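Student: Next up is a structure, given as structure tokens.
The values are calculated or read from the model by the stated rules, or taken from the named source; none is laboratory data. Here the structure is a predicted model, which means the values were calculated and not measured. Please note: Cβ atoms are built from the backbone with ideal geometry, for glycine as well, and neighbour counts cover all protein chains shown. Side chains included, ligands, DNA and RNA excluded: accessible areas come from the protein's heavy atoms. Shrake-Rupley method; radii C 1.70, N 1.55, O 1.52, S 1.80 Å.
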Amino acid sequence: MTTLRINGQTHTVDVPEDTPLLWVLRETLGMTGTKFGCGMALCGACTVHLDGEAVRSCILAVGGLTEDMEIRTIEGLSDDGSHPVQQAWIEEQVPQCGYCQSGQIMSAVALLEKNGNPSDSDIDAAMAGNICRCGTYQRIRRAIHKASGGAR
Amino acid sequence: MTSTFSRREFLVTGISAGAGLTIAMQLGCSPAGPSGPVTTPFVPNAFLKVSTDGSVTVVCGFSEMGQGVLTAVPQLVAEELDVEWSKVSVEQSPAGEAYFNPAFGIQGTGGSSMVRGSWTQLREAGAKARAMLVTAAAARWGVSIDECRTEAGNVMRRGSRDRLSYGDLAEEAASLPVPETVTLKDPADFLILGKAVPRLDVPDKVTGKAGFGIDVQVPGMLVAVVARCPVFGGKAARWDEAAALAVPGVRHVVTITSGVAVVADGYWAARKGRDALAVQWDEGSNAAQSSARISAELASLVRRKGIEVRREGAGSAAQAGTTVEAVYEVPFLAHACMEPMNATAHVEADHVTFWGPIQFQSDPGGAFGGGAREMAARIGGVSTDQVTVHTTMLGGGFGRRFFLDFAAEALECSKATGTPVKVVWSREDDVQHDFYRPASMAWFRGTVADGTPVSWVNRVACPAILPGPPGGLDDSSVEGLANFPYRIPNVLVEGHNPALGVPTGFWRSVGSSQNAFFSECFIDELAAAAGKDPFEFRRDLLDNAPRHKRVLETAAERAGWGTPLPEGRARGIAVAESFGSYVAQVAEVSMNDGVPRVHRVVVAIDCGPIVNPDIIAAQMESGVVFGLTAALYGKIAIEGGRAVQANFDTYQMLRVQEMPVVEVHIVPSTDAQGGVGEPGTPPIAPAVVNAIAALTGERIRRLPIVS
């Protein structure tokens, strides 16, 4: 049994300890907003927050997690898309296929919670682990600046 | 609207849609609905429904893979219905004849065809519904329909303050006959078409609620991971079934057409079970195939006479002047959709239910092997009317999901186990078992005299995607080459379609993805041989190709062609038509330790009358990234008959820090419509390579640039 603290709620799951958090979220708990993209922490589609840090849930075995660690997923930002980063994503019409966007948004939120006014190079550093095959990077950059209140 | 689709477009094109079906998952396109007793009495055709609260639901038969159809289809309907955009929601159709493209008889999404194919059909669907609502209002008031007009979801009585909402009229309109003919709006009166209305699918794509195929959950469902022979065409010979079944959570090991499937409670158990199978493969006849052998075969073919697809003047006869000869080559490419291939099926005795991110729902004639509906009927042993197909959101498509190998796996696994089964591919499965953009080689010999080209001889060797007619070529292998736009007096273009033992498929912009690279680089080589500016050289050869010329001039002007750049930067230009649209691009490039850095790309597109300028801009941005990724990094190498690359560490994608500024200029046009999903891709590789040649003097003729 593993006890996890996710979006402020406690969940106890009975899965093998080597099971990646990604599959516990998606299959055991039915929280499918977090996506499977590569299984090797190469694409960022599975990005969630662990104690405020953006991490790749596809390589994070649940056996290494404890209930005093706070996990936050896309479902934990808002139910209605009202989080400022989600709003900026809507205003800039960022998503195309949309599959990578949960991970993109979680990486962007982690960045903005540490750095309220990121430069382009700060954005590059924070977002380099998130692939978008539709090529929405230009709009992602604009949306992060918009969410930060930056003038650009 | 154009009706001159090529044979290839016939195969990959289709309108889809179906009666209003409630699918088991949220597609994520509906505004918050009212909670009162709302009914939806008015369903005048397969494409729209009007509720008593005045809300309108448009039914979309095309697959949404990022290109914006779940917004563009409703725009076409809502414009003619004359309803406010905020009242419009969209839902995905089932597989059904109502949504087939009448010209093609299949339901599928591809060939950048939606707007061209549906422009009139969907506008008429909205206009006929509007006419019925007007008739209902006129009857209520006891006046002629000429005394009525519509505005924002209401029928208004001229010369009075009387108004009736569409919701009020829905029940009465439903009892009226559908008009045979209807007058469409004058484009000058458009309120929704041609406007950058917000996408209907975006809100649920920022909350994680949008339902992709991989998110499907069905009660009692198991998850399968399949072991497939790494060598194309090989088969499983022996495997350790007991070892797989010993993994906790593994329920079944079943043999299916594509390999050995491990069916478990969830993905992780299935994945571990597959690893435990330790399959021994019978690798078959392709086991010795390699990139080196493929290159040698293509090189041998481009030196031999091929099938002629274009001849003008004296053909290949030598002409006086300066002659340039060059060979270009590109590798196989995987699609690498962000959502790995997956599908879910439940095969029961008298019904099959299928859920999946697919581009090909139905092909009742079976001319192309059947879509998902026909495949489900065949594997399930039922008739097609005992099949329900749910198309989910697609996490990228790019042509990959027209091929339904992954759907067959889910159907076979469900049939074998008697339970609903979702098949999920790993990223490695996805990259190593694709239907690849073909590897291709092109030989050119061109001659310039007095500053202008006098001869263009071109031979290409490229495997077919679909077999050509007897004695002919697959059109896709020579598209863009057989119809290159420049006025040159003596031309010969030939091709070969060798079989190379590697599966091939439609990859965003298909043959134009490589052929624009070949021809738009070689025309630059001829410009250099003629001592001419590459923009001016092209422009002067385009008198008979006004749409090419206009986008070329627009891109050059907006990019400041000929104006000074910072030290170490240069511009390159390219223009190509594909899928009926004309796109020119100017790339600004510098080199950093031998690796190009693309700073800015200026795009000009003429796609005829438009639906949504922001979606067009997004598709151009997207097409540039897709083509630039391939130009810089894209390569599937073949060794031992199998794909070498497996995940994003070896099959590299463009990332945010490499993203150029992309500026899109839509050229106003009333010419024939073209698509927008694919035409942004072809010009970027030659624009970048031409810029590198301008900067360094070195001409790159083999992609990818970074090896």
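Student: Which residues, taken from region B:408-419, are within 29 Å of B:ASP201 (Cα to Cα) and open to solvent by 10 Å² or more (accessible area, probe 1.4 Å)?
Tutor: B:ALA408, the sole residue that qualifies.
Student: Taking into account only those residues within region B:244-275 that are among the hydrophobic types (A, V, I, L, M, F, W, C) and open to solvent by 30 Å² or more (accessible area, probe 1.4 Å), which is nearest to the chain's Cα centre (by Cα)? Before the answer, list the steps.
Tutor: Narrowing region B:244-275 to residues among the hydrophobic types (A, V, I, L, M, F, W, C): B:244-247, B:250, B:253-254, B:256, B:260-264, B:268-270.
Subsequent filtering for residues that are open to solvent by 30 Å² or more (accessible area, probe 1.4 Å) retains B:245-246, B:268.
Numbers: B:LEU245: 40, B:ALA246: 42, B:TRP268: 31 Å.
For region B:244-275, the residue satisfying everything is B:TRP268.
Student: It is to be established whether one or more residues within region B:423-433 are open to solvent by 10 Å² or more (accessible area, probe 1.4 Å), among the aliphatic types (A, V, I, L, M) and not assigned by TED's automatic domain parsing to the domain that holds B:PHE522.
Tutor: no
Student: Which of the residues spanning region A:38-53 are among the hydrophobic types (A, V, I, L, M, F, W, C), more than 8 Å from chain B (Cβ to nearest Cβ) and either more than 27 Å from B:GLU428 (Cβ to Cβ) or surrounded by fewer than 23 Cβ atoms within 10 Å (Cβ to Cβ) (or both)? Walk me through it before giving the result.
Tutor: Of the residues in region A:38-53, the ones among the hydrophobic types (A, V, I, L, M, F, W, C) are A:38, A:40-43, A:45-46, A:48, A:50.
If we keep only those that are more than 8 Å from chain B (Cβ to nearest Cβ) as well, we get A:41, A:46, A:48, A:50.
Listed by number, the residues that qualify are A:ALA41, A:LEU50.
Student: Also, quick follow-up: Considering only region B:307-320, state which residues are in a loop (DSSP other than H, G, I, E, B), surrounded by 18 or more Cβ atoms within 10 Å (Cβ to Cβ) and either in contact with an Asp or Glu (Cβ under 7 Å, 6 or more places away or on another chain) or among the small types (Gly, Ala, Ser) (or both). Lay out the reasoning, then the answer.
Tutor: Filtering region B:307-320 for residues in a loop (DSSP other than H, G, I, E, B) gives B:313-320.
Narrowing further to those that are surrounded by 18 or more Cβ atoms within 10 Å (Cβ to Cβ): B:316, B:319.
If the condition is that a residue be in a loop (DSSP other than H, G, I, E, B), surrounded by 18 or more Cβ atoms within 10 Å (Cβ to Cβ) and either in contact with an Asp or Glu (Cβ under 7 Å, 6 or more places away or on another chain) or among the small types (Gly, Ala, Ser) (or both), then B:SER316 is the only one that fits.
Student: Now for a separate question. From the list B:GLN619, B:GLN645, B:GLN652, exactly one residue is in the same structural domain as B:VAL510 (by TED's automatic domain parsing), polar (S, T, N, Q) and free of Cβ contacts under 8 Å to residues at least 60 places away in the same chain. Which is it?
Tutor: On the way: B:GLN619 fails: free of Cβ contacts under 8 Å to residues at least 60 places away in the same chain; B:GLN645 fails: free of Cβ contacts under 8 Å to residues at least 60 places away in the same chain.
Checking each option against the conditions leaves just B:GLN652.
Student: Let me ask another. What residue, among those in region A:124-143 that are closer than 15 Å to A:ALA88 by Cβ and open to solvent by less than 10 Å² (accessible area, probe 1.4 Å), is farthest from the other protein chains (Cβ to nearest Cβ)?
Tutor: Among those that are closer than 15 Å to A:ALA88 by Cβ and open to solvent by less than 10 Å² (accessible area, probe 1.4 Å), it is A:ALA143.
Student: Can you go through B:LYS185, B:LYS195, B:LYS205 and tell me which one is surrounded by 22 or more Cβ atoms within 10 Å (Cβ to Cβ) and either in contact with a Pro (Cβ under 6 Å, 6 or more places away or on another chain) or in contact (Cβ under 8 Å) with a residue 60 or more places away in the chain (or both)?
Tutor: Values: B:LYS185 fails: surrounded by 22 or more Cβ atoms within 10 Å (Cβ to Cβ); B:LYS195 fails: surrounded by 22 or more Cβ atoms within 10 Å (Cβ to Cβ).
Every option except B:LYS205 fails the conditions.
Student: Suppose we keep only residues that are within 12 Å of chain A (Cβ to nearest Cβ) and small (Gly, Ala, Ser) within region B:606-633. Which one would you say is farthest from B:GLY234 (Cα to Cα)?
Tutor: B:ALA617
Student: Return the pair list, or none, for Cβ contacts closer than 8 Å from residues in region B:69-89 that are on the phi > 0 side of the Ramachandran plot to residues that are of a type in the set (Asp, Glu), at least 6 apart or on different chains.
Tutor: Filtered contacts from region B:69-89: B:ASP82/B:GLU151.
Student: Let me ask something else about it. One residue is enough: does region B:486-507 have a residue meeting the conditions within 25 Å of the chain's Cα centre (by Cα), closer than 30 Å to B:GLU557 by Cβ and outside any strand (DSSP E or B)?
Tutor: Taking every residue of region B:486-507 in turn, none turns out to be within 25 Å of the chain's Cα centre (by Cα), closer than 30 Å to B:GLU557 by Cβ and outside any strand (DSSP E or B).
Student: Would you point out which residue out of B:TRP85, B:TRP119, B:TRP141 is over 30 Å from B:PRO679 (Cα atoms), of a type outside the set (D, E, K, R), surrounded by fewer than 24 Cβ atoms within 10 Å (Cβ to Cβ) and not assigned by TED's automatic domain parsing to the domain that holds B:PRO613?
Tutor: Numbers: B:TRP85 fails: over 30 Å from B:PRO679 (Cα atoms); B:TRP119 fails: over 30 Å from B:PRO679 (Cα atoms).
Going through B:TRP85, B:TRP119, B:TRP141 in turn, the sole match is B:TRP141.
Student: Exactly one of these conditions fails for A:SER102: (1) of a type in the set (Ser, Thr, Tyr); (2) more than 7 Å from chain B (Cβ to nearest Cβ); (3) part of a helix (DSSP H, G or I). Give me its number.
Tutor: (2)
Student: Identify, from the list A:SER121, A:SER107, the residue that is of a type in the set (S, T, N, Q) and either out of contact with any Ser or Thr (no Cβ under 8 Å at 6 or more places or on another chain) or away from chain B (no Cβ under 12 Å) (or both). It would help to see each step written out before you state the result.
Tutor: Details: A:SER107 fails: either out of contact with any Ser or Thr (no Cβ under 8 Å at 6 or more places or on another chain) or away from chain B (no Cβ under 12 Å) (or both).
Only one candidate passes the filter, namely A:SER121.
Student: Select from region B:355-407 the residues that are among the hydroxyl-bearing types (Ser, Thr, Tyr) and within 14 Å of another protein chain (Cβ to nearest Cβ) and write down the one among them that is surrounded by the fewest Cβ atoms within 10 Å (Cβ to Cβ).
Tutor: Filtering region B:355-407 down to residues among the hydroxyl-bearing types (Ser, Thr, Tyr) leaves B:362, B:383-384, B:388, B:391-392.
Restricting the remaining residues to those that are within 14 Å of another protein chain (Cβ to nearest Cβ) gives B:391-392.
On the way: B:THR391: 32, B:THR392: 28.
Among them, the one singled out is B:THR392.
Student: Related question: Given the condition facing chain B (nearest Cβ under 9 Å) and either buried (at least 21 other Cβ atoms within 10 Å of the Cβ) or in a loop (DSSP other than H, G, I, E, B) (or both), answer yes or no: does some residue in region A:9-16 qualify?
Tutor: Yes; the residues of region A:9-16 include at least one that is facing chain B (nearest Cβ under 9 Å) and either buried (at least 21 other Cβ atoms within 10 Å of the Cβ) or in a loop (DSSP other than H, G, I, E, B) (or both).
Student: Counting just the residues of region A:68-97 that are among the charged types (D, E, K, R) and more than 8 Å from chain B (Cβ to nearest Cβ), which one comes out least open to solvent (accessible area, probe 1.4 Å)? Full working, then the answer.
Tutor: Looking only at region A:68-97, we keep the residues that are among the charged types (D, E, K, R), and these are A:68, A:70, A:72, A:75, A:79-80, A:91-92.
Now narrow it down to the ones that are more than 8 Å from chain B (Cβ to nearest Cβ): A:68, A:70, A:72, A:91-92.
On the way: A:ASP68: 124, A:GLU70: 68, A:ARG72: 63, A:GLU91: 109, A:GLU92: 28 Å².
Checked region A:68-97; the qualifying residue least open to solvent (accessible area, probe 1.4 Å) is A:GLU92.
Student: Consider region B:212-230. How many of its residues are more than 8 Å from chain A (Cβ to nearest Cβ) and either more than 23 Å from the chain's Cα centre (by Cα) or assigned to a loop (DSSP other than H, G, I, E, B) (or both)? Spell out how you get there, then give the answer.
Tutor: Filtering region B:212-230 for residues more than 8 Å from chain A (Cβ to nearest Cβ) gives B:213, B:216, B:218-222, B:224-230.
Among the residues that remain, those that are also either more than 23 Å from the chain's Cα centre (by Cα) or assigned to a loop (DSSP other than H, G, I, E, B) (or both) are: B:216, B:218-222, B:224-230.
Qualifying residue count for the region: 13.
Student: Please work out which one of (1) touching a Phe, Trp or Tyr at 6+ places or on another chain (Cβ under 9 Å); (2) surrounded by fewer than 24 Cβ atoms within 10 Å (Cβ to Cβ) is the condition A:GLN104 fails and give its number.
Tutor: Looking at each condition in turn, A:GLN104 falls short on (2).
Student: Kindly establish whether B:ALA287 is open to solvent by 20 Å² or more (accessible area, probe 1.4 Å) and in contact (Cβ under 8 Å) with a residue 24 or more places away in the chain.
Tutor: On the way: open to solvent by 20 Å² or more (accessible area, probe 1.4 Å): yes; in contact (Cβ under 8 Å) with a residue 24 or more places away in the chain: yes.
Spelling it out, B:ALA287 is indeed open to solvent by 20 Å² or more (accessible area, probe 1.4 Å) and in contact (Cβ under 8 Å) with a residue 24 or more places away in the chain.
Student: I'm checking my understanding of the structure. Among residues of region B:591-605 that are hydrophobic (A, V, I, L, M, F, W, C) and buried (at least 20 other Cβ atoms within 10 Å of the Cβ), which one is nearest to the other protein chains (Cβ to nearest Cβ)? Let's see the steps before the verdict.
Tutor: The initial filter retains those residues of region B:591-605 that are hydrophobic (A, V, I, L, M, F, W, C), namely B:591, B:595, B:598, B:601-605.
This time we only want the ones that are buried (at least 20 other Cβ atoms within 10 Å of the Cβ), so: B:598, B:601-605.
Working: B:VAL598: 12, B:VAL601: 10, B:VAL602: 13, B:VAL603: 12, B:ALA604: 17, B:ILE605: 16 Å.
Looking at residues that are hydrophobic (A, V, I, L, M, F, W, C) and buried (at least 20 other Cβ atoms within 10 Å of the Cβ), I get B:VAL601.
Student: Checking the conditions here, which among B:ALA343, B:ALA349 is within 28 Å of B:ALA261 (Cα to Cα), open to solvent by less than 60 Å² (accessible area, probe 1.4 Å) and not in a helix (DSSP H, G or I)? Outline the logic, then answer.
Tutor: Numbers: B:ALA349 fails: open to solvent by less than 60 Å² (accessible area, probe 1.4 Å).
Among B:ALA343, B:ALA349, only B:ALA343 is within 28 Å of B:ALA261 (Cα to Cα), open to solvent by less than 60 Å² (accessible area, probe 1.4 Å) and not in a helix (DSSP H, G or I).
Student: Hey, among the residues in region B:409-428 that are of a type in the set (Asp, Glu) and in contact with a strand residue (DSSP E or B) (Cβ under 7 Å, 6 or more places away or on another chain), which one's farthest from B:SER316 (Cα to Cα)? Spell out the reasoning first.
Tutor: In the first step, residues of region B:409-428 are kept if they are of a type in the set (Asp, Glu); the result is B:409, B:412, B:428.
From the residues that got through so far, the ones that are in contact with a strand residue (DSSP E or B) (Cβ under 7 Å, 6 or more places away or on another chain) too are B:409, B:412.
Working: B:GLU409: 49, B:GLU412: 53 Å.
Ranking the qualifying residues of region B:409-428, first place goes to B:GLU412.
Student: Please list, ordered by residue number, the strands (runs of 3 or more DSSP E) wholly in region B:521-624 having 2 or more residues that are among the basic types (Lys, Arg).
Tutor: Working: elements: B:569-578, B:581-592, B:595-606.
Qualifying strands (runs of 3 or more DSSP E): B:569-578, B:595-606.
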